[in-house]
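Here the structure is laid out as structure tokens; the discussion comes afterwards.
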Amino acid sequence: MIGKILNKIFTDVLWPKWLGFVSKSDSPKIWKRVFKKSSETTNTIPVDLAVQLSSAPSVVRLMLSTFKPDRNVPTAKDFAISIAFELGQQDYHFNTDQKVRDWQIRNFASTVRREWLSVINESPVLKSRFKDVRDKHPSEFLSESAECTPELNSVLNDKTELKKYFFQSYTTPDATEKVIVWLPGEHGAVKWSPEERITVEVGLNAALGADLGFFRMGHDYSLYDTSDKVEWLSVAYRDDKRALETMDFGFRSVGVKTEHRLWVK
């Protein structure tokens, strides 16, 4: 009985409140506190920068994925790759002149994840919902997929590899369409010729769309159909009711159109 009440509080009160922050391109206070405390604990990333990062779309995605039954609990590497990607993006300018090194990203990412799981474990509402969704205690994940060792530096140091890992993480097991992300080359421009193009194939469910943070400046997106005809993205939207990003490829869509446009070609 108590578990049902706590779950109802999460689904009827807390989750809609979180989505309200998403609609404002922001993040809940509880998430910001996790990043602030992790910054103070590790002394690796300035507090102001850590708080700013907590509201970056792909980082908010990790908070929401924690409680989505069709998503895995984010790993420490997921946090590191998302943070490193966001720090290099041109559509989110962070107020800092400090260069953040790979070991700092890994240390900070690991600490954020551990602190987030600890916060969930200490909150009756969050803990109850987590156990209901995962059928496991949140403390069991403190040591599961928690490593973030120097082997990851080869990805964090390579802008192209980092982007490939980042976008590939958006692939879902129930994919019905293959969206192609066209990455910029070393000079910051997307190349379309077969010899120079850099692409990543991402499987998405056409009824839903992509998780937050999928559409970014400086990249292009296309859709391949069964005859290999390329259909280019014309408009991308944010679905605030479901915390998803959706897309219109002209004659075909992945997800539903909304009033909140993110990207127009």
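The values are calculated or read from the model by the stated rules, or taken from the named source; none is laboratory data. Just so we're clear, the structure is a prediction, and the values are computed from it rather than from any experiment. Note that we place each Cβ from the backbone using ideal geometry, even for glycine, and neighbour counts take in every protein chain shown. Protein only, heavy atoms only, side chains kept; ligands, DNA and RNA dropped before computing areas. Shrake-Rupley method; radii C 1.70, N 1.55, O 1.52, S 1.80 Å.
In the chain, once you exclude exposed chymotrypsin sites (Phe, Trp or Tyr not before Pro) (DSSP loop, at most 14 other Cβ within 10 angstrom), what's the longest stretch remaining?
Numbers: sites that count: Trp192, Phe251.
So the longest stretch without any such site is 1-191.
Of Ile180, Ile198, Ile45, which has the largest mean-square fluctuation in a 10 Å C-alpha GNM of the chain?
The residue that fluctuates most here is Ile198.
Would you pull out the residues with amide H under 5 Å of Asp239's amide H, same chain only if 5 or more places away, H placed 1.01 Å from N?
Result for Asp239 returns Leu244, Glu245, Thr246.
What ³J(HN,Hα) values, in whole Hz, does the Karplus curve 6.51 cos²θ - 1.76 cosθ + 1.60 give for the range 55-71 when θ = phi - 60°, with x put for Gly and Pro?
9, 5, x, 6, 7, 4, 3, 5, 4, 5, 4, 4, 10, 9, x, 8, 10
Considering the chain as a Gaussian network with a 10 Å cut-off on Cα pairs, which listed residue, Lys131, Lys163, Lys178, attains the greatest mean-square fluctuation?
Of Lys131, Lys163, Lys178, the most mobile in the Gaussian network model is Lys131.
Please calculate the 1.4 Å probe accessible area of His219, with all protein chains present, and give it to the nearest 10 Å².
Surface accessible to solvent at His219 totals approximately 10 Å².
Is the range 1-54 rounded, prolate or oblate when judged by the Cα gyration tensor, a ≥ b ≥ c being the square roots of its eigenvalues, rounded requiring a/c under 1.5 and prolate requiring a/b larger than b/c? Intermediate results must be reported in sequence, preceding the final value.
Numbers: a/c = 6.28, a/b = 1.90, b/c = 3.31.
Judged from the Cα gyration tensor, the range 1-54 comes out oblate (a/c at least 1.5, b/c at or above a/b).
Mind grabbing the base-10 log of I(q)/I(0) for the chain at q = 0.11 Å⁻¹? Debye formula, identical points on the C-alpha positions, no solvent, two decimal places.
-0.62
Going toward the positive end of the dipole of the chain, with +1 on Lys and Arg Cβ and -1 on Asp and Glu Cβ, which of Tyr165, Ile30, Leu244 do you reach last?
Ile30
Step through the residues of the range 78-85 one at a time and calculate ³J(HN,Hα) from phi using the Karplus curve (6.51 cos²θ - 1.76 cosθ + 1.60, θ = phi - 60°), rounding each to whole Hz and writing x for Gly and Pro.
3J(HN,Hα) across the range 78-85, in whole Hz: 4, 5, 4, 5, 5, 5, 5, 4.
Hey, any idea what % of the range 1-127's accessible area is carbon plus sulfur with a 1.4 Å probe? Don't skip to the end; give the middle numbers.
Numbers: 3150 of 6010 Å².
In the range 1-127, the share of accessible area belonging to carbon and sulfur is 52 percent.
Provide the per residue accessible area, probe 1.4 Å, for the range 144-217, rounded to a whole number of square angstrom.
Working: 3850 Å² over 74 residues.
Value returned for the range 144-217: 52 Å² of accessible area per residue.
Compute a Gaussian network model of the chain, connecting alpha carbons closer than 10 Å, and tell me which residue from Arg71, Arg197, Arg61 fluctuates the most.
Comparing Arg71, Arg197, Arg61 in a Gaussian network model of the chain, the most mobile one is Arg197.
Cα axis of helix 124-134 to longest principal axis of the chain: angle in degrees, 0 to 90, nearest 10?
The angle comes out near 50 degrees.
Quick one: 3J(HN,Hα) in Hz for the range 165-170, Karplus 6.51/-1.76/1.60 with θ = phi - 60°, rounded, Gly and Pro as x.
Working through the residues one at a time gives 4, 4, 6, 4, 5, 8 Hz.
For the range 182-239 and the range 23-69, what is the separation of their C-alpha centers, rounded to whole Å?
Distance between centres, Cα-based: 27 Å.
Given the rule -39500 (n - 2.57) for each run of at least 4 DSSP H residues, summed and divided by the residues of the chain, what is its mean residue ellipticity at 222 nm, to the nearest 500 deg cm²/dmol?
On the way: 10 runs with 105 residues, N = 265.
That calculation yields -12000 deg cm²/dmol at 222 nm.
For the range 166-265, which GluC sites (Glu not before Pro) are in a loop by DSSP, counting at most 12 other Cβ atoms within 10 Å? Intermediate results must be reported in sequence, preceding the final value.
Values: sites: Glu177, Glu186, Glu195, Glu196, Glu201, Glu231, Glu245, Glu259; in loops: Glu186, Glu195, Glu196, Glu259.
Of the GluC sites (Glu not before Pro), the ones in loops of the range 166-265 whose Cβ has at most 12 other Cβ atoms within 10 Å are Glu186, Glu195, Glu196, Glu259.
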